[in-house]
Amino acid sequence: MSDPPPIRILLAKLGFDGHDRGLKVIARTLRDAGFEVIYLGLRQTAGSVVIAAEQEDVAVIGISMHNGGHLTLGPMMVRAVADAGLEIPVVIGGIVPAEDVPTLREHGIFAVLGPGTALETVVATIHAAAATHDGMVG
Amino acid sequence: MSRDDALDALLTDARHGSRRALGRLLSVAERGGDAASALDRRMLDAPPPLWTVGIVGAPGVGKSTLTARLVAAAADGPTGPVPRVAVIAVDPSSPLTGGAILGDRIRMQGVGSRPEVFVRSMAHRGDDGGLARAVPIAIRVLGSVGVATVIVETVGVGQIELEIIHVADTVIAAMSPGWGDAIQAAKAGLLEVADLFAVNKADRPGVADAVRDLEQMLDAGLARGSGDGRAWRPPVLPTVATDGTGIDGLWSAAEAHREWLVATGGLQRVRDERIRHEIGRRAKDLLAGRIDARTAELDLATARQTPGQWAALVAADVCAHADAPGTSAA
């Protein structure tokens, strides 16, 4: 009973973006690292992600982006989380040019995991993100 | 804020419709330990959900899609701030890492975002009974905040399917045509616990055979009595979850089962049995650690005894020290 419960993370893709292979690899990697991964899959909206994050009580929201929409959808996701009164860090993975990373960070994205990120780095980043999430009751 | 105050605040918020608070409470239930015990004590005087429905079936028969359709059927009706219907979708945890991929929401995209619906994915977290240990408390929490109907969806075979009867008033088994031998294999388990059968993917060949096979097995004496002689014969209903065919009929039949339970006094009986089952299970949990510890201490060289004789010794020792530390209320 005293073991810390598994960390819950939500993984999704936003909008019109069908490239989910990378996200599936991440889902398996995180499962193998002991996370409980709530996999929402394709064609989500910022609103549907927020609803799921509330119901599932996740510590981290992971968004995969392969359609060049990250500068619009990334900040939109962070805003939707904040508007709902949630304090859940948002991590973006996928195809994000390096020069866009500072902009996303300024908009409150916790971290950006671009192409070639080592899976160990992914796990460490999600752990770091989860550590910023407010804790459990009791 | 103290833990008790925090729990009370979350319960108040959840009863006013906060999804976030309800999500938090379910995490408390899942985590177990003292906080979950404190939460559960608050459930003693709270109403249970009006109805708990279990949906079981092997992977790939369309269970999640079927569940999504039934949720939509259950969600129609007057709506307050609290969701009318909640889904607990249980998936297995990895026995090696404790991690899990919970993918049932993929099939619930349409209904999962409706304000009348609350969906929670649960990993079974290594529970040896198959169903996530937190499910009974989670159902009580959902009922206490005003959720009318709770639908529990479980994946898998054998134990998991059988455990569902200890949380659900009405159990729906999902199957698909072409199971053939698999139906045979399931005879001893699934056919005895289900109150209704949905033969899903009924747009595929073989549905008539599957329905007939099931009907024959049910007629072979599996219908259960109600205590006063009015037996419930599980109906077999073809469905196509992907386009909604047969869903209304399935839901109506499930409602008829609930009415039968109420009319025959069976609802109270299954709920009493359920509490006894949970008590027994948790009592075994409390003793299990001490049995393991005592077993590890045994010096097997001191006597030539069978494993059964050793086990009797261990059980006697543990029972003789039943008030030992480490058994505080969980």
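Is the C-alpha gyration tensor of the stretch B:237-291 telling us rounded, prolate or oblate? Criteria: a/c under 1.5 is rounded; beyond that, a/b larger than b/c is prolate, otherwise oblate.
Verdict is oblate for the stretch B:237-291.
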quick shape note, chain B: Cα extents on principal axes in Å, largest first -> 65, 54, 45
Summing -39500 (n - 2.57) over every DSSP H run of at least 4 in chain A, dividing by its residue total and rounding to the nearest 500, the 222 nm mean residue ellipticity is -12500 deg cm²/dmol
For B:K201, counting only aspartates and glutamates whose alpha-carbon sits under 12 Å away and dropping same-chain residues fewer than eight positions off, the answer is B:D243
Sorted largest first, the Cα spans of the stretch B:265-330 on the principal axes come out in Å as 55, 26, 16
Counting sequence-distant residues (5 or more places) and residues on other chains, those with an amide H built under 5 Å from that of B:V87 are B:F118, B:V119, B:R120, B:I151
Between B:V262 and B:D45, the FRET efficiency computed from the C-beta separation at R0 = 22 Å comes out, to the nearest 0.05, as 0.50
Quick numbers on the stretch B:1-139, Rg and Dmax over C-alpha atoms in Å, give 15.5, 47
For the pair B:A231 and B:H16, the simple spin-label estimate (label points 7 Å beyond Cα toward Cβ) gives in nm 5.3
Rounded to the nearest 500, the 222 nm mean residue ellipticity computed for chain B from DSSP H runs (n ≥ 4, each -39500 (n - 2.57)) alone is -14500 deg cm²/dmol
Any residue on another chain or 5+ positions along whose placed amide H is under 5 Å from the amide H of B:L237 is listed here as B:F197, B:A198, B:V199
If each part is reduced to its alpha-carbon centroid, the stretch B:68-137 and the stretch A:86-104 end up apart, in Å, by 29
Taking the stretch A:9-131, the whole-percent share of alpha-carbon pairs separated by over 26 angstrom is 8
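How many square angstrom of accessible surface are buried between B and A, both sides summed, with a 1.4 Å probe and rounding to 100?
2900
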Bridge orientation stat for the protein assembly as shown from DSSP, antiparallel percent rounded to 5, came to 5
For A:I38, the residues 5 or more places away or on another chain with a placed amide H closer than 5 Å to its own amide H are A:I9, A:L10, A:L11, B:L102
Note: B:Q109 to B:R3 extended length (0.36 nm per residue) minus current alpha-carbon separation gives 34.7 nm
Accessible-area loss of at least 10 Å² in the complex relative to the chain alone (1.4 Å probe) applies, within the stretch B:78-107, to B:S94, B:T97, B:G98, B:G99, B:A100, B:I101, B:L102, B:R105, B:I106
Within chain B, excluding any trypsin sites (Lys or Arg not before Pro) found in a DSSP loop (not H, G, I, E or B) and having at most 15 other Cβ atoms within 10 Å, the longest uninterrupted segment runs B:1-186
Cα extents of the protein assembly as shown per principal axis, largest first, Å, are 72, 63, 43
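The values are calculated or read from the model by the stated rules, or taken from the named source; none is laboratory data. Keep in mind the model is a prediction, meaning the values are calculated, not measured. As a convention, Cβ positions derive from the backbone with ideal geometry for all residues, glycine included, and neighbour counts pool all protein chains shown. All accessible areas refer to the heavy atoms of the entire protein, side chains included, with ligands and DNA or RNA removed. Shrake-Rupley method; radii C 1.70, N 1.55, O 1.52, S 1.80 Å.
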